[in-house]
Amino acid sequence: ISPTTVVPVKPVYLNNSTLVIAEKDYAMAASKIESIPSTSTATFQGMKPGTSYSATSVDSWALTVDFAQDYETATSFSNLLFDSSGETVEVQFAPIDGGQAWEADVVLVPGGIGGAGKSHATSSVTLGVQGEPRRVVTIP
């Protein structure tokens, strides 16, 4: 089967993103922001050739953020995570500032403290999403 229409692609280049929580943009601290679905597949294999059936579902979502630790700045992302651990907050992420954004309700967890010598202290958190990410309507 040959395609009748070639669909163009505009790859997202992550160099000016936003990560907004409570009207503060924390993207300057982040080196990676990714919303990831967790999926599962159930397969039934019948006892005759060709009787295999599969169903796939999205079980949950998580927002993963890799970031530079900063416990010296009172309003830093590190301090937000530590001070608000267990709270559910709305997060808005735009891979391109001013472009398509996504929002989700996530449960905050603290990030790491410390790291290897002679390097920037970084950490990674996986924030559980309540439900699924929602597309934010953008006006061109």
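The values are calculated or read from the model by the stated rules, or taken from the named source; none is laboratory data. Remember, it's a predicted structure, so these values are computed and weren't measured experimentally. Cβ atoms come from the backbone with ideal geometry, glycine included; neighbour counts cover every protein chain shown. Protein only, heavy atoms only, side chains kept; ligands, DNA and RNA dropped before computing areas. Shrake-Rupley method; radii C 1.70, N 1.55, O 1.52, S 1.80 Å.
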Does at least one position in the stretch 64-81 carry a residue that is among the aromatic types (Phe, Trp, Tyr), part of a strand (DSSP E or B) and open to solvent by 40 Å² or more (accessible area, probe 1.4 Å)? no
In the stretch 29-88, residues that are of a type in the set (Asp, Glu) and free of Cβ contacts under 8 Å to residues at least 12 places away in the same chain total 2
Apart from one, (1) in a loop (DSSP other than H, G, I, E, B); (2) modelled with pLDDT of 95 or more; (3) surrounded by 11 or more Cβ atoms within 10 Å (Cβ to Cβ) all hold for residue 86; the odd one out is (3)
Across the stretch 12-32, the tally of residues that are in a strand (DSSP E or B), among the hydrophobic types (A, V, I, L, M, F, W, C) and closer than 16 Å to residue 124 by Cβ stands at 2
Note on the stretch 101-140: residues of a type in the set (D, E, K, R) and surrounded by 15 or more Cβ atoms within 10 Å (Cβ to Cβ) are 103, 105
The residue from 60, 35, 54, 40 that alone is assigned to a strand (DSSP E or B), open to solvent by less than 60 Å² (accessible area, probe 1.4 Å), over 17 Å from residue 127 (Cβ atoms) and modelled with pLDDT of 95 or more is 40
Looking across the stretch 22-32 at residues that are at negative phi and not basic (Lys, Arg), the single one that is most open to solvent (accessible area, probe 1.4 Å) is 28
